[in-house]
Structure formats: C-alpha cells, structure tokens
1. Is one or more of the residues making up the range 155-164 more than 16 Å from ligand 1 (Cβ to nearest atom), closer than 27 Å to residue 42 by Cα and out of contact with any strand residue (DSSP E or B) (no Cβ under 6 Å at 6 or more places or on another chain)?
2. Would you check which residues across the range 175-195 are aromatic (Phe, Trp, Tyr) and within 16 Å of ligand 2 (Cβ to nearest atom) and list them?
3. Starting from the range 330-347, keep only residues that are touching a residue at least 60 places away in the same chain (Cβ under 8 Å), then list their pairs with residues that are buried (at least 24 other Cβ atoms within 10 Å of the Cβ) and assigned to a loop (DSSP other than H, G, I, E, B) whose Cβ atoms are within a distance under 9 Å, requiring at least 6 positions of separation or different chains.
4. How do the helices (runs of 4 or more DSSP H) wholly within the range 160-268 filter down when requiring 1 or more residues that are under 25 Å from the mean Cα position of the chain (by Cα) and more than 21 Å from residue 300 (Cβ to Cβ): which remain?
5. Using the structure shown, decide if residue 162 is within 12 Å of ligand 2 (Cβ to nearest atom) and more than 22 Å from residue 22 (Cα to Cα).
6. Report whether or not residue 299 is within 16 Å of ligand 2 (Cβ to nearest atom) and in contact with a Leu (Cβ under 6 Å, 6 or more places away or on another chain).
7. What single numbered condition from (1) over 19 Å from residue 2 (Cβ atoms); (2) in contact with a helix residue (DSSP H, G or I) (Cβ under 7 Å, 6 or more places away or on another chain) fails to hold for residue 143?
8. Taking the range 326-348 as the region of interest, how many residues are within 16 Å of ligand 2 (Cβ to nearest atom) and either surrounded by fewer than 24 Cβ atoms within 10 Å (Cβ to Cβ) or assigned to a loop (DSSP other than H, G, I, E, B) (or both)?
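The values are calculated or read from the model by the stated rules, or taken from the named source; none is laboratory data. Computed from a predicted model, the values in this text were never measured in an experiment. Backbone-built Cβ (ideal geometry, glycine too); neighbour counts: all protein chains shown.
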Amino acid sequence: MGRILGIESSCDETAAAVVEDGRAILSTVVASQLDVHARYGGVVPELASREHLRAIVPVTREALERAGCGWAGLDAIAVTQGPGLIGSLLVGITFAKAACLARRLPLIGVNHIEGHIHAVMMEARMQGGEVELPALALVASGGHTHLFHIDDQLRYRLVGKTRDDAAGEAFDKVAKLLGFGYPGGPVIDMLAPLGRAGAVRFTPAKMKGNELDFSFSGLKTAVLRWVEARDMTGEIAARRRMVADTPRPTVEQWLSVTPPLTLDLLASFQGTVISELLRRLEAAAADTGARSAVVSGGVACNTGLRAAAAKLRLGIPIYFPQPALSTDNAAMIAAAAFVKLGRREFAAFDLRAQAGLTLA
Ligand code: KG4
Ligand code: ZN
C-alpha cells in the first residue's frame with residue numbers, strides 16, 4: 001500500500017495530487033499561471049516562482065482535503081526534482097522537504113519527464129490494463145521532445161531527442177509570431193482542422209548521425225520566411241489586439257481575424273510537426289521490437305496527432321493520456337514515485353533542484 005502526495009512546480013503550473021498505489025487518483029489540483037504569463041508571450045521565470053509561492057500551500061491543502069486523507073494518511077511525499085525552471089523547482093522542493101520533516105514522512109525525488117511517462121501507465125492501470133514492456137515513450141512538451149526505450153525493469157534508454165526546439169516550443173513560437181498568444185498549441189490545434197494541411201510544403205528535417213533525433217527550428221524559420229514573404233502585419237496586429245482584449249477567444253472570434261491562407265499555414269505547420277513526431281516513433285518501433293508505445297507531454301493533447309497516431313500501422317498499441325494527465329500535473333509525479341516507494345528509493349534532505357536533470 002502506498003498513498004503518495006505528489007507536488008509539481010517545475011514550470012508554470014503549481015500542482016498537488018494524492019495517488020494510491022500508482023493507480024487511483026484520490027485528488028488532483030492544478031493552479032495554472034497561464035493568465036499571468038500570456039501577456040508576455042511566454043513563461044517569465046521570476047513571475048513563475050512568485051506565483052508558485054503564492055499557490056503551493058492552498059493547492060496542497062485542497063489536494064489533501066479532496067482526497068479526504070489529511071497528512072496522517074500519507075506514506076510519502078514526492079516532488080519534481082527537475083528538469084525545469086530552477087526558482088520554480090525550489091518552491092516545490094523546499095515545501096516538500098518542510099512537510100516531510102514536520103510530518104516525519106519519507107521524501108521521493110521524481111524526474112518530471114519520468115512523471116509524464118507514468119501518467120500514461122497510471123491511466124492504463126486505472127482502466128484495468130497495463131502498458132506492456134518493453135515500450136517506447138515519446139514525451140513532447142514545451143520543454144522537451146524525447147524518445148525513450150523502456151525495458152521490462154523500467155530502465156530508460158534515450159533513443160532520440162530534439163537538437164534544438166521542443167515540439168511544443170515550435171507551436172508556441174509560431175503562434176507568437178502570428179499573433180495568437182501563449183500557449184500556441186491549443187489555438188493551433190483548434191484552427192488547424194479549418195485549413196488545408198498540404199497547402200504549404202515544408203521540408204522534413206534530415207538528421208545527420210542519429211536519424212531518430214528531432215529538429216524543429218528549421219520549420220519555425222520556414223514559417224517565418226513564409227510570413228515575411230507576405231504582408232500579414234494587419235491580421236497579426238488584429239490578433240494581438242484580440243489576445244490583449246479577450247481572455248480566451250472562440251473559434252469564431254479567431255476566424256474574424258484569420259484569413260483562409262493563414263489557416264492553411266497553421267494546418268500545414270501542425271501536419272509537419274505531427275509527421276516528424278510519428279515518423280521517428282514508427283522507425284523506433286520497427287528497430288526496437290517494443291510491445292507498446294506511449295505518447296505524453298502537453299503536445300500529446302493535440303487532436304491531429306491523436307488522429308494520425310490512430311491511423312498508423314505500428315503493430316503495437318499506442319497509449320495517450322487524457323488531456324488533463326498529458327499536461328503538467330502532480331498525479332503523474334505521485335504515480336512515478338510509487339515505483340520508488342516500492343524500491344525504498346528515498347531522497348536525502350539535501351535533495352537539490354536540477355534544472356537540467358536528465359532521465360537517460
Ligand atoms: O507538458 P506541458 O504542460 O509543460 C511542459 O512540461 O512543457 O506542455 C506544454 C506545451 C506547450 O508548449 C503547449 O503549447 C503545448 O504543450 N500544447 C499543445 C497542445 N496543448 C498544449 N501542443 C499542441 N497541441 C495541443 N493541443
Ligand atoms: Zn511537462
């Protein structure tokens with residue numbers, strides 16, 4: 001038995017969750033800072049730390065209340081150790097250490113990327129199944145695009161990663177360039193189905209060396225060149241005004257400031273990102289003999305990616321977590337920690353935040 005309080009504060013979400021045995025989410029609370037950062041077109045680290053400080057106590061209290069267990073019902077506290085923004089990580093880690101000390105609970109440090117992977121495994125268990133190992137895991141978010149092989153002992157081997165921008169970062173940068181605000185993924189996802197995906201041709205990235213590595217900066221530059229070759233200043237300014245005046249514009253509102261050609265651009269950009277991601281997953285599946293594949297991280301919310309993955313003939317099942325478990329949350333941290341609780345892999349009180357922590 002293991003009831004774990006998970007705490008996540010690596011980027012712009014303050015989250016706490018209580019998960020039992022890595023399979024039952026008793027509560028999950030996420031306080032998003034999107035509204036704080038949206039006007040700056042990206043996450044401002046100093047503001048993120050300040051917001052985490054404000055949110056960490058009420059968010060944790062709410063998670064414990066909703067779980068109906070209180071501190072006394074916990075077996076351990078797990079916290080994201082990295083990768084992420086150092087000041088943001090420190091808030092979660094310091095709070096988790098203090099709580100462990102006060103409540104005499106063991107502390108478990110979790111890698112954020114491993115958390116994203118465990119989100120999928122937990123959800124499979126919640127539905128009475130199990131992700132079969134060895135597996136491939138594609139983690140695509142605003143900060144990382146990594147492809148791992150996971151063996152039957154849950155050991156990770158990195159088989160490919162981005163050499164420049166992360167997939168979510170490409171969505172965010174293209175959206176910012178076109179005046180769609182931050183974060184870019186959800187808006188582009190919403191509008192891409194209204195454009196023609198083959199209308200603008202982008203060259204697939206050719207990787208020297210490891211062909212399973214990713215690259216998205218060339219695609220971002222190609223979009224920039226396409227925009228520079230046309231006069232789009234008027235529509236971009238109109239969308240920036242929309243972002244400033246309207247908290248969450250609807251499709252209709254976006255369409256009033258987005259001509260069909262721009263929708264074609266969005267559809268083609270998204271289509272290229274999707275094919276770049278799935279091409280590597282397909283190649284890795286053929287190479288490694290994995291028995292299943294999991295896709296996680298914020299970009300796993302993308303409806304176009306999910307639809308394209310469903311049509312792939314990989315020969316192995318592909319699992320996506322529900323959107324609330326794809327983006328940053330603390331249930332995934334508690335789920336990843338359950339394995340470590342079983343192995344009694346506890347962290348010492350000098351556990352440090354590691355901005356560049358790697359998984360493999
Ligand atoms: O996992 P996450 O919440 O935070 C990080 O660890 O980075 O991922 C956030 C990223 C952002 O770049 C955001 O634009 C992207 O995920 N994202 C999406 C979608 N929803 C969020 N990208 C494409 N389609 C979406 N529906
Ligand atoms: Zn993440």
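1. Initially, the range 155-164 is screened for residues more than 16 Å from ligand 1 (Cβ to nearest atom), giving 155-160, 163.
Checking which are closer than 27 Å to residue 42 by Cα leaves us with 160, 163.
Imposing the further condition that a residue be out of contact with any strand residue (DSSP E or B) (no Cβ under 6 Å at 6 or more places or on another chain) reduces the set to 163.
Yes.
2. Within the range 175-195, just 182 meets the criteria.
3. Close Cβ pairs satisfying both conditions: 330/9; 332/321.
4. On the way: elements: 167-177, 184-191, 217-228, 233-245, 251-255.
Result: 167-177, 217-228, 233-245, 251-255.
5. Values: within 12 Å of ligand 2 (Cβ to nearest atom): no; more than 22 Å from residue 22 (Cα to Cα): yes.
Criteria not met by residue 162.
6. Taking the combined requirement at face value, the residue does not satisfy it.
7. (2)
8. Result for the range 326-348: 4.
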